[in-house]
1. How many residues are closer than 19 Å to Gln12 by Cβ and of a type outside the set (Lys, Arg) when one looks only at the range 22-63?
2. Select from the range 47-66 the residues that are exposed (fewer than 15 other Cβ atoms within 10 Å of the Cβ) and over 13 Å from the mean Cα position of the chain (by Cα) and write down the one among them that is nearest to Asn16 (Cα to Cα).
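The values are calculated or read from the model by the stated rules, or taken from the named source; none is laboratory data. As the structure is a computational prediction, the values presented were derived from the model and not from experiment. Please note: Cβ atoms are built from the backbone with ideal geometry, for glycine as well, and neighbour counts cover all protein chains shown.
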Amino acid sequence: MGKQSENNPFNQIENNANISSDEIFKVADSVKNANFSDEKNVRQLVRRLSKMAGKPVSKAKEDEIVEMITNQNIPMDMNSLQQMLKK
C-alpha cells in the first residue's frame with residue numbers, strides 16, 4: 001500500500017472526515033444528473049454532506065455555499081475551496 005494508498009483521495013477523505021468511500025460514491029451517484037441551479041437541491045446536498053461529515057454548517061455558511069454553487073462561482077482548486085469553507 002505505502003505511498004499510493006496515502007495519495008488516494010478517498011483514503012484522505014476517510015481519514016480526515018470519517019466518510020467511507022461507499023458513502024462518497026452514493027452521494028456522487030445521487031448528484032450525477034442533479035440541477036445545481038436549483039437552490040432546494042443544492043441546499044439538501046449541503047445538509048446531507050454536512051451530516052455525513054459530522055461537521056455542522058451554520059445558516060450563514062450554508063447560504064454562502066448554496067449561492068456560490070447556484071451561481072456557478074465555485075473555486076476550482078482545493079486550496080481556495082478549503083479556505084472558503086474555513087471562513
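1. As a first pass, look at the range 22-63 and keep what is closer than 19 Å to Gln12 by Cβ: 22-28, 49-50, 52-55.
With of a type outside the set (Lys, Arg) added as a condition, the list becomes 22-25, 27-28, 49-50, 52-54.
Within the range 22-63, residues that are closer than 19 Å to Gln12 by Cβ and of a type outside the set (Lys, Arg) number 11.
2. Out of the qualifying residues, it is Ser58.
Conditions (1) within 15 Å of Lys86 (Cα to Cα); (2) modelled with pLDDT of 90 or more; (3) assigned to a helix (DSSP H, G or I), marked per residue:
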site: Asn35; (1), (2), (3): no, no, no
site: Val42; (1), (2), (3): no, yes, yes
site: Val57; (1), (2), (3): yes, yes, no
site: Asp63; (1), (2), (3): yes, yes, yes
